[in-house]
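Nothing in this text is a laboratory measurement; each read-out follows from the coordinates by a stated rule. Model, not experiment: these values are computed from the prediction. A quick note on method: Cβ atoms are made from the backbone with ideal geometry, for glycine too, and the neighbour counts reach across all protein chains shown.
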Amino acid sequence: MTKNDISIWLDTYDDIFSDFDFRPYSEKALSDDFLKEVGKFCNEKEEKVNEVKLFLPADKRNSDDEKIISDRLTFYFKKSQNLLHSQSHNLWIKGVSFAIIGSILMLIASYISSLQSKHFLLNSLLVFFEPSGWFLVWAGLDIMFYTASKNKKELNFYNKLSKSKISFFSI
């Protein structure tokens, strides 16, 4: 076993999947407990994970099921990685868009303020644009630096596992 491997002991294949899902292994939802355990081991690794080694009692192993489960896990990790990457990208775009629109509104408010007009319409626009601009700038920065960074840990987890090999071994 290399330092970039994860080893997990299972009692049965069902330890990988949700107890409430009775579909076949190729469609079954993964267990939150299993993902949490893999996540614990994965967080200890600095680099990518080369191999996820799943250990079972020899009498419980079935090579046909193992191929299906291995494909299911690989598909899940890659799909989750792609989904989180897309979500992170979309959040970043949304944050930048909010910040730019907010900045434009504040520039318009500054221009209106510099006119020192007594017109009701211009004063109303100033009252509307100034707080809206501030709100959009801060909301955009919040999205870019706080909300998007929340996904970073989970994305890192799936990045490490998406290219890893899934193997089964007898105890």
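Using 7 Å Cα-to-Cβ label points, what is the LEU107/ASP5 separation (nm, one decimal)?
Simple spin-label model gives 5.8 nm for this pair.
Among (i) 1.62; (ii) 1.15; (iii) 1.05, which is the computed Cα Rg over 2.2 N^0.38 Å?
So the structure-derived entry is (i).
What is the spin-label model distance, in nm, from ASP21 to GLU46 if the labels are put 7 Å beyond Cα along the C-beta direction?
Spacing of the two 7 Å Cα→Cβ label points: 3.5 nm.
In the neighborhood of ASP71, defined by Cβ-to-Cβ distances under 13 Å, what is the net charge if each Lys or Arg adds +1 and each Asp or Glu adds -1?
On the way: positive: LYS28, LYS67, ARG72, LYS78, LYS79, LYS165; negative: GLU27, ASP64, ASP65, GLU66.
Around ASP71, the charge tally is +2.
Where a Cα-Cα gap under 26 Å defines reach, which lysines qualify for LYS67, not counting those fewer than 8 residues away within the same chain?
LYS3, LYS28, LYS36, LYS40, LYS45, LYS48, LYS53, LYS78, LYS79, LYS160, LYS163, LYS165
Among SER26, LEU161, VAL137, whose Cα sits farthest toward the positive end of the charge dipole of the range 12-171 (+1 at Cβ of Lys/Arg, -1 at Cβ of Asp/Glu, about the Cα centre)?
The Cα lying farthest towards the positive end belongs to VAL137.
Would the range 84-153 count as rounded, prolate or oblate if I go by the C-alpha gyration tensor, calling it rounded below 1.5 in a/c and otherwise prolate when a/b exceeds b/c, oblate otherwise?
Numbers: a/c = 4.47, a/b = 4.03, b/c = 1.11.
It is prolate, given that a/c is not under 1.5 and a/b is the larger ratio.
If you build a Gaussian network model of the chain, linking Cα atoms that sit under 10 Å apart, which residue out of SER113, SER103, SER31 swings the most?
SER113
If the only charges are +1 at each Lys and Arg Cβ and -1 at each Asp and Glu Cβ, what is the size of the charge dipole of the range 49-171 around the Cα centre, to the nearest 20 debye? Intermediate results must be reported in sequence, preceding the final value.
Working: 15 positive and 9 negative charges, 51 e Å.
For the range 49-171, the charge dipole is close to 240 debye.
Can you compute the helix-only [θ] at 222 nm over the chain? Use -39500 (n - 2.57) per DSSP H run of at least 4 residues, normalise by all residues, nearest 500 deg cm²/dmol. Mind showing how you got there, number by number?
On the way: 4 runs with 103 residues, N = 171.
My calculation for the chain gives -21500 deg cm²/dmol from helical runs alone.
With r as the distance between the Cβ atoms of THR147 and GLN116 and R0 = 35 Å, compute the FRET efficiency 1/(1 + (r/R0)^6) and round to 0.05. Can you show the working numbers first?
Numbers: r = 39 Å, r/R0 = 1.11.
Efficiency, from the Cβ-Cβ distance: 0.35.
I'd like the distance separating the alpha-carbon centroids of the range 87-135 and the range 138-154, in whole Å.
About 21 Å separates the Cα centre of the range 87-135 from the one of the range 138-154.
Using the basic label-point model (7 angstrom from Cα toward the beta carbon), what is the TRP92 to ASP65 distance in nanometres?
Placing both labels 7 Å along Cα→Cβ, they lie 4.2 nm apart.
Do you know the relative contact order of the chain, to the nearest whole percent, from alpha carbon pairs under 8 angstrom that are 6+ apart? Before the final figure, lay out each step's value.
On the way: 208 pairs, mean separation 58.8, N = 171.
Relative contact order, the chain: 34 percent.
Sorting VAL38, VAL127 on the 10 Å Cβ count, fewest up front, what's the list? Before the final figure, lay out each step's value.
On the way: VAL38 23, VAL127 12.
Lowest count first: VAL127, VAL38.
Please compute the contact order of the range 84-153 in relative form: average sequence separation of alpha-carbon pairs under 8 Å and at least six residues apart, divided by the residue count, as a percent.
On the way: 68 pairs, mean separation 36.6, N = 70.
RCO, the range 84-153: 52 percent.
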